[in-house]
């Protein structure tokens, strides 16, 4: 018999942009919610992606009933290609989300054998003793959902990523009446999105962006270039609508944006009833004030179409004096300087650039403080656990809940790996499971450890010096003169004398050393010390020093 | 006879935070304004600081009459220790600014022989044919000034870094009536701060921060920790004032904050009439709600007192549950993630953290759009050149000037190194001088070139593999088995087999190669190619590969 207790464990999510993942366990059943990746932080040198550590799930593999995905952003689906082959369970998501998951899995050759179950909102399905229903939420991608999870000890509501937009451009508004109804019936636990818990007030409706776009299309003297996230389908719809109104044609530039638009048109998430979308070969001869480009590059990604345009490196489109560029996005933390550089370059090309500091060309997809309070008020949960966001966002979300009367003891702020054990009466943190960052670097997942990263960090600062010393293995004596090769340390021509001097220093060190082969590692250490000191004294730099004995 | 033409050349300044420097030349006279450094951008691996390239000034060294410094921030004074010994000219600045310059010069052992001239506002001095007067401006450091530069062809007004604050906490407000008077007399050229040209409206007065601090001191249940820039003396004054009102004592933590406070007290820029400043040994036994700490660390600097406190690594002060931490600063671009991490850690320690997203705990020191228009309106310059800021800030500032009626042809948006030649009738860009970034890395200034940086970048991504091959110099044959050493590439234990395999691959490559010593460089290239391909195929990584032949 299973205990009447739920275990709720966040396995990812404590980061601005990513790798959201959590799990709920009851007796012999585990369900997983979301499986995102995050981009590496600055100090994770050379790393491609970071995914959650799923050791705990692998230990209890037989209990895992499925993975439920709330929406199709990378920070919620991006880890699937890596973890699905290991867990081999079905994935439950809405139609567009499944479409995006398929693309991801295919890219990493993980689609074969994947069981993808498409779920519509309002219908429920069972995973072990859990019964799950999707409800629509409004977010910056269509087909986003929150979850109602019926468990043996009560109902859990999971908000997904959401905001309350009464006039969304596409898709349904967040289903407040369903939430109110649940609240009336009694909800054991609410898990709610904290990403924008720092922001007072309400997040503005997507509509306000439509007004700005309309204004820009009407007044721009020449071509308009609009850049946004390719997954922000509603924004692309707004561009199509504004273009239609002002008799402009819309050209989609770049492969990833084209792919999304094609898929969204096919699945019915995007409509082009006035046929403003045009092929790039129709561009020739078209008056400039009839042209709109839509492209990626809103994060200053070096290989994106917009950045190539800004650097005059795009094959098809160059920025012309008089163009208006709209950056319809806000910087993801860490991307600020890439974006700023792109804006500067666009201005240098003679474009007028409109970005979020100047006009309302973007609204984000998360609830602000008043919306968060609204949800807490409607759902009236007995217990509350803020999710999605850094620790400060969770803390502030917890304070918001307290400000509207929730007892502090009923609120749980967890870090990744913390176990929350919840009964109908109470909850507490009872321990931790293995959790953290797993690095994806090239083909390998997880083999990059702290030593490799520490070495990359050291190499990145002051480079490397390799000292190659040939030794006669019979006599233990130096053969020839030691060699010194450096990379990333100093200008080797300008510092030739210093490097030559250090060769002599190595030779002298060996002359004064013993000759028994047992002492070689000591000799290595000594050479490292001496070179370290010598170079530091001369340059105040500390390159990695790698002495290497060749015994001949 | 000198030509009736001015040359105005920005030598630094196109960057968010730094290395402001420009020069004005007339005939045989050159004056330099400001000499800042900037912190390295993300891709400048291992670099300590970046200073402007002064090749042009060194070529014309005999003409340089002096360096005028507008205020004591690092992005205006930080390059002095490096360039002053090369130019050897007097430095003109106000009292506090000279104090800060002395500290900088002393740190780098460049104070001896420096000629520092202290200038008060309202008095003028001559440098060659230029006559210069300082006027007070309000900025986020006391004793900041703008410049009135009388030249043979007309008056130039240089705003320095400024904002219009009618109720500054310390120091004088920006002298608007002097500017209006100059405007009435006729100004040839205005050079004005563009740093916040993106921001609509007016920058709020420093006073509003005082209100927040007052509120915090009144209501915080325990100790209050306030972190800000050590140069923001007026903020420290506000802390002292609020503490006095609420009968709290103020403890200065950390050496750089203590040094500034000492100097500011001594020079009269800070006052502690109620003697709230206390020594750290008075802390013992004091009730928590009577304690205020002031410390640096507002940018998340890893060695700062605040970050040590947040990580429980400070010798004297640990964060206690119930502490209130106020981050009275905004992030300098690039520092966001360090600061966010610090805030998260403070929350984890149980502190309440108040930062600029949540409450008005900081106002910045630069004019917003309406203030910029006000200055343009008062000074009524014939020509205008926006300065201080990235290219987008200058562009937007130029558009602001146009919006209030300045002809576009009278506005000059210059990049670093551009030469503006200005007569009484017209100005135009006539060419470029050498300019750009000079890297300071350890002891050396400028020897780090693009190759060293490229190598560091490559090393930082996928590490390095050194292949060491011993060759008999008579026969050209391989001696023993080639060695492979890697750092920052793969986990060497887990990838032992692959690395062993690559040793064999090198041996095979040599077996199939010719033996004439003339071909060794070709052999090196071949080994590099083969290993590159082999490792990429196995790992999808591209370490730097360094084949090295030892001829024995």
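Read-outs throughout are calculated quantities, based only on the coordinates presented, and are distinct from any laboratory measurement. Small disclaimer: the values here were computed from a predicted structure and weren't measured. Here the Cβ positions follow ideal geometry from the backbone for every residue, glycine too, while neighbour counts run over all protein chains shown.
If the chain between residue A:102 and residue A:425 were fully stretched, how many nm would it gain, using 0.36 nm times the residue separation less the Cα-Cα distance?
Extra length available between residue A:102 and residue A:425 comes to 112.1 nm.
Determine the relative contact order of chain B: mean sequence separation of Cα pairs under 8 Å and six or more apart, normalised by residue count, in whole percent.
Numbers: 1182 pairs, mean separation 83.0, N = 552.
Across chain B, relative contact order equals 15 percent.
Arranged by the count of other C-beta atoms within 10 angstrom, fewest first, what order do A:456, A:315, A:131 take? Mind showing how you got there, number by number?
Values: A:456 25, A:315 7, A:131 15.
Going from sparsest to densest Cβ surroundings: A:315, A:131, A:456.
How do A:430, A:260 rank when sorted from fewest to most other Cβ atoms within 10 Å of their own Cβ? Intermediate results must be reported in sequence, preceding the final value.
On the way: A:430 11, A:260 23.
Listed from fewest to most nearby Cβ atoms, that is A:430, A:260.
When each copy gets a label point 7 Å from Cα toward the beta-carbon at residue B:498, what are the spacings between them in nm, shortest first?
3.5
Between the helical axis of B:207-219 and the dominant principal axis of chain B, each derived from Cα atoms, what acute angle in degrees is found, rounded to the nearest 10?
So the inclination is approximately 80 degrees.
To make sure I understand, if each residue's beta carbon is the centre and we count other beta carbons within 10 Å, what order do B:366, B:246 fall in, fewest to most?
Values: B:366 23, B:246 18.
Neighbour counts put them in this order, fewest first: B:246, B:366.
Where does helix B:176-185 land angle-wise versus the long Cα axis of chain B, in degrees 0 to 90, nearest 10?
In chain B, helix B:176-185 runs at an angle near 90 degrees to the longest axis.
Using a label point 7 angstrom from Cα along Cα-to-C-beta, what distances in nm, from shortest up, separate residue A:129 from the other copies?
Here residue A:129 shows inter-copy label distances of 9.3 nm.
Assume the label is 7 Å from Cα along Cα to beta carbon: what separations in nm does residue A:109 have to the matching positions in the other copies?
6.0
Please work out how much length the chain gains when fully extended from residue A:358 to residue A:120, using 0.36 nm per residue of separation minus the C-alpha to C-alpha distance, in nm with one decimal.
On the way: separation 238, 0.36 × 238 = 85.68 nm, distance 3.95 nm.
The residue A:358-residue A:120 span can extend by a further 81.7 nm.
Looking at region B:450-551 only, what percent of DSSP beta bridges run antiparallel? Nearest 5 please.
On the way: 6 of 14 bridges.
Percent antiparallel among DSSP bridges in region B:450-551 is about 45.
Just report the Cα centroid separation between region B:21-49 and region A:421-467, whole Å.
The distance from the Cα centre of region B:21-49 to that of region A:421-467 comes to 40 Å.
If you count the DSSP beta bridges with both ends in chain B, what percent of them are antiparallel, to the nearest 5?
Numbers: 47 of 92 bridges.
If I count the DSSP bridges inside chain B, around 50 percent turn out antiparallel.
Where a ≥ b ≥ c are the square roots of the eigenvalues of the C-alpha gyration tensor, would you call the protein assembly as shown rounded, which needs a/c under 1.5, or, failing that, prolate if a/b is larger than b/c, or oblate? Before the final figure, lay out the partial values.
Values: a/c = 1.41, a/b = 1.08, b/c = 1.31.
Cα axes put the protein assembly as shown in the rounded bin.
Let me have the 222 nm mean residue ellipticity of the protein assembly as shown computed from DSSP H runs of 4+ only, each contributing -39500 (n - 2.57), with the sum over all residues rounded to the nearest 500.
Working: 30 runs with 342 residues, N = 1104.
About -9500 deg cm²/dmol.
Considering Cα pairs under 8 angstrom that are at least six residues apart, work out the relative contact order of region A:450-551 and quote it in whole percent. Walk me through the numbers on the way to the answer.
Details: 131 pairs, mean separation 39.9, N = 102.
That works out to 39 percent.
When a/c reaches 1.5 or more, the comparison of a/b and b/c decides; with that in mind, is region A:207-354 rounded, prolate or oblate per its Cα gyration tensor?
Details: a/c = 1.43, a/b = 1.21, b/c = 1.18.
The shape class here is rounded.
In percent, what relative contact order does region A:53-111 have, based on Cα pairs under 8 Å that are 6 or more apart in sequence? All intermediate terms of the calculation are to be shown ahead of the outcome.
Details: 53 pairs, mean separation 22.8, N = 59.
Across region A:53-111, relative contact order equals 39 percent.
With axes computed from alpha carbons, what is the tilt in degrees of helix A:255-267 against the longest principal axis of chain A, rounded to the nearest 10 within 0 to 90?
The answer is roughly 30 degrees.
Run through the DSSP bridge list for the protein assembly as shown and note the antiparallel percent, rounded to the nearest 5.
Numbers: 94 of 184 bridges.
Antiparallel bridges make up about 50 percent of those DSSP assigns within the protein assembly as shown.
Cα gyration tensor of region B:284-388, axes a ≥ b ≥ c as square roots of the eigenvalues: rounded (a/c below 1.5), prolate (a/b > b/c) or oblate?
Values: a/c = 3.24, a/b = 2.48, b/c = 1.30.
Prolate shape, in that a/c is at least 1.5 and a/b is the bigger ratio.
Taking a virtual spin label 7 Å from the Cα of residue B:283 along the C-beta vector, which residues in region B:304-336 bring their backbone nitrogen under 13 Å of it?
Counting only backbone N, you get B:305-306, B:308-310, B:312-320.
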